[in-house]
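The values are calculated or read from the model by the stated rules, or taken from the named source; none is laboratory data. Please read all numbers here as calculations on a predicted model, not as lab measurements. Here the Cβ positions follow ideal geometry from the backbone for every residue, glycine too, while neighbour counts run over all protein chains shown. The area values use the complete protein model at the heavy-atom level, side chains included, leaving out ligands, DNA and RNA. Shrake-Rupley method; radii C 1.70, N 1.55, O 1.52, S 1.80 Å.
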Amino acid sequence: MNGQTLRKRYKEKISTYRSWKQQDHAEEYVLYPENIGSDMSLDETCLSNGDVYTILTNKAAHGGKGALAAMIRGVATDAVSSVIKKIPLRQRLKVKTVTTDLSSAMMLTVRTVFPAASLVNDRFHVQQLISEAVDQLRIRHRWEVLEAENNAIKEHRAKRKSAKTKTERELIGQWEPERMENGETMPQIMARSRHIILKHRSKWNEQQTLRAKILFGKFPDLEAAYNLFLKLVDIFNRKSTAATARLHLARWYNDVSAFGSNEFNKVLETFENHNTTIINYFDRRLTNASAESFNAKIKAFRSQFRGVGDIKFFMFRLATLYA
């Protein structure tokens, strides 16, 4: 008996799929009101057919049985809210906190369906926003380095072409890029520095530390931008009150404003628009890590079956494990 036959037998004979009460609407949503708790997370995932689903999970379940409260097709506030509102208001009012990423649609959904909940923006998404801004600055400098190299190659070719004798051309020689102290060319350093920019310097190895020294020596503004990222991480890591954190973030915001790089405009706008929900993190230091972990489990479950051919049955399997 092959795997496909076994799966079909499990679906039709062994499992309770055919008597599953949510089968009719499972492709659009599954809903488990009994899994609503005081601390929830809202996230999204993409199935193999390209459809995006919004996932509501209960932090108290730690990604196990009882974690899945709802999984709804789409991310639009109206579509997601209409399903979650099927849960009685009295039960939804028990939700005290909901963590999300920086999606405006998700935040509006939370405010619509959980009116008594404190909305918390995940700190790691906030940190990712500024690390990506630093990386954009690296990319800008990378293009500058590549342009300078291309111009140097053109000048070298023109010099060889203008040589009047073979001896002159031999003296000019073939063009060779400048090697830095670690043996890499500057374009190589710019390309390989992405992993340096996107993580804390405490996690750099010896090779990355030397590469960063060369990179920051060439572009001091990139080091200054990276230090702004580290300063934000440090603020989030401190065991401070929300009031103290607000003061630290205000000073950090002023430093970013003074830095004056276009790459950081979106960062500044985000802090202006979501200042309160970012600071809410410091009340209980809640993150969206449990939701991200649950999302990873869905992806692993999906890859185990080489995609999602039957969405309804896939949702049934998820619900059996996590609802």
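So, in segment 45-68, of the ones that are surrounded by 20 or more Cβ atoms within 10 Å (Cβ to Cβ) and closer than 18 Å to SER103 by Cβ, which residue ends up modelled with the lowest pLDDT?
So the residue we want is TYR53.
Would you be able to say whether some residue in segment 196-205 is open to solvent by less than 80 Å² (accessible area, probe 1.4 Å), more than 23 Å from ARG140 (Cβ to Cβ), β-branched (Val, Ile, Thr) and under 21 Å from the mean Cα position of the chain (by Cα)?
Initial filter on segment 196-205 (open to solvent by less than 80 Å² (accessible area, probe 1.4 Å)): 196-200, 204-205.
This time we only want the ones that are more than 23 Å from ARG140 (Cβ to Cβ), so: 205.
Now narrow it down to the ones that are β-branched (Val, Ile, Thr): none.
No - not one qualifying residue is present in segment 196-205.
So VAL120 ticks every box in (1) at pLDDT 95 or above; (2) in a strand (DSSP E or B); (3) within 27 Å of PHE301 (Cα to Cα) but one. Which box is left unticked?
Only one criterion is unmet by VAL120, namely (3).
Those residues that are farther than 27 Å from ARG211 by Cα and surrounded by 12 or more Cβ atoms within 10 Å (Cβ to Cβ), I need them from segment 158-187; list them, please.
So the first thing to find is which residues in segment 158-187 are farther than 27 Å from ARG211 by Cα, and the list is 158-173.
Across segment 158-187, the qualifying residues are LYS159, ARG160, ALA163, GLU168, ARG169, ILE172.
Which residue, of VAL83, VAL126, VAL95, VAL120, is more than 25 Å from HIS25 (Cβ to Cβ), of a type in the set (Val, Ile, Thr), surrounded by 20 or more Cβ atoms within 10 Å (Cβ to Cβ) and in contact with a Phe, Trp or Tyr (Cβ under 6 Å, 6 or more places away or on another chain)?
VAL120
What pairs can you find where one residue is in segment 50-64 and in contact (Cβ under 8 Å) with a residue 12 or more places away in the chain, the other is open to solvent by 10 Å² or more (accessible area, probe 1.4 Å) and of a type in the set (A, V, I, L, M, F, W, C), and their Cβ atoms are less than 6 Å apart, with a gap of 6+ or different chains?
Going by the 6 Å Cβ cut-off, the qualifying pairs are VAL52/CYS46; VAL52/VAL75; THR54/VAL75.
In segment 230-323, which helices (runs of 4 or more DSSP H) lie fully inside it and hold 2 or more residues that are loosely packed, with under 12 Cβ neighbours inside 10 Å? Show your work before the answer.
Working: elements: 242-259, 265-273, 275-279, 281-284, 289-304, 311-322.
Correct list: 242-259, 265-273, 289-304.
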